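Everything on this sheet refers to the single structure shown next.
The values are calculated or read from the model by the stated rules, or taken from the named source; none is laboratory data. This is a predicted model, so every value here is computed, not measured. Don't worry about glycine lacking a Cβ; one is built from the backbone with ideal geometry, like all the others, and counts go over all protein chains shown. Side chains included, ligands, DNA and RNA excluded: accessible areas come from the protein's heavy atoms. Shrake-Rupley method; radii C 1.70, N 1.55, O 1.52, S 1.80 Å.
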Amino acid sequence: MRAIVKGAMLGLLLIGQMAQAGTILVVGDSISAAFGMDTQQGWVHLLDERMRQEGFEHQVVNASISGDTSAGGAARLPALLAEHKPQLVVVELGGNDGLRGLPPSQLQQNLASMIDASRNAGAKVLLLGMRIPPNYGERYTTGFAKVYDDLAAEKKVPLVPFLLEGVGGVANLMQDDGVHPAVAAQPQLLENVWPTLKPLL
């Protein structure tokens with residue numbers, strides 16, 4: 001009987017530690033969904049491994065969907081917040097908005113709503129920035145990049161300016177489509193994110 005009680009107490013303690021540690025919710029597109037590879041090779045899974053190595057007990061929930069836009073992420077977010085009650089929401093969206101030539105003002109509005117919804121649910125927010133290839137024209141690419149800088153300043157949220165820094169345009173780090181990072185690039189994506197994410201834990 002005493003052993004059963006001890007076991008139950010230990011179980012409650014572990015549950016309490018997990019609840020205290022909190023959940024990191026990643027809401028992104030194909031870059032975070034590990035498009036073209038096993039999900040365990042993607043940067044989000046590598047993040048989970050890094051946290052274990054450094055003694056963090058947070059749960060990482062990857063709610064990324066290939067092809068998702070900022071509008072799709074904004075529509076999905078309320079249910080995700082209600083289900084997972086995250087401590088931190090990592091927003092990695094916008095690339096598909098840019099590739100479709102959608103207005104930067106629309107992207108800014110959608111990302112702002114995600115930031116506000118996350119904060120209203122009691123979560124911190126980390127914004128991961130994206131850039132668009134120059135063939136979309138200087139006016140569009142500049143306006144697109146400015147969205148992330150403006151939001152970070154306006155909403156006072158931590159920003160990784162360009163998730164694909166050191167990866168985009170590097171042939172051996174990109175898949176054959178020239179759009180999606182390869183397996184070899186995933187550790188670099190994590191290194192781009194980790195210094196900004198870690199202080200939020």
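Listed by first and then second residue, the pairs linking a residue in the range 145-166 that is open to solvent by 50 Å² or more (accessible area, probe 1.4 Å) to a residue that is assigned to a loop (DSSP other than H, G, I, E, B), with Cβ atoms under 6 Å apart and 6 or more places separating them unless they lie on different chains, are Pro161/Gly129.
Give just the number: which of (1) more than 26 Å from Leu190 (Cβ to Cβ); (2) at pLDDT 95 or above does Asn135 not satisfy? The single condition Asn135 does not satisfy is (2).
Exactly one of these conditions fails for Asp97: (1) among the charged types (D, E, K, R); (2) within 18 Å of the chain's Cα centre (by Cα); (3) open to solvent by 60 Å² or more (accessible area, probe 1.4 Å). Give me its number. Answer for Asp97: the failing condition is (3).
The criterion of at least 2 residues that are farther than 28 Å from Ala21 by Cβ is met, among helices (runs of 4 or more DSSP H) falling completely within the range 82-201, by 95-99, 104-120, 138-155. Within the range 29-66, the residues that satisfy the criterion of being part of a loop (DSSP other than H, G, I, E, B) and more than 20 Å from Leu173 (Cβ to Cβ) are Glu54, Gly55, Phe56, Glu57, His58, Ala63, Ile65.
Yes/no matrix, rows are residues, columns are (1) within 29 Å of Phe56 (Cα to Cα); (2) more than 17 Å from the chain's Cα centre (by Cα); (3) of a type outside the set (S, T, N, Q):
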{"residue": "Gln106", "(1), (2), (3)": "no, yes, no"}
{"residue": "Asn135", "(1), (2), (3)": "no, yes, no"}
{"residue": "Leu159", "(1), (2), (3)": "yes, no, yes"}
{"residue": "Asp177", "(1), (2), (3)": "no, yes, yes"}
{"residue": "Ala185", "(1), (2), (3)": "yes, no, yes"}
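The residue of the range 16-38 that is nearest to Asp68 (Cα to Cα), among those that are open to solvent by 40 Å² or more (accessible area, probe 1.4 Å) and modelled with pLDDT of 95 or more, is Phe35.
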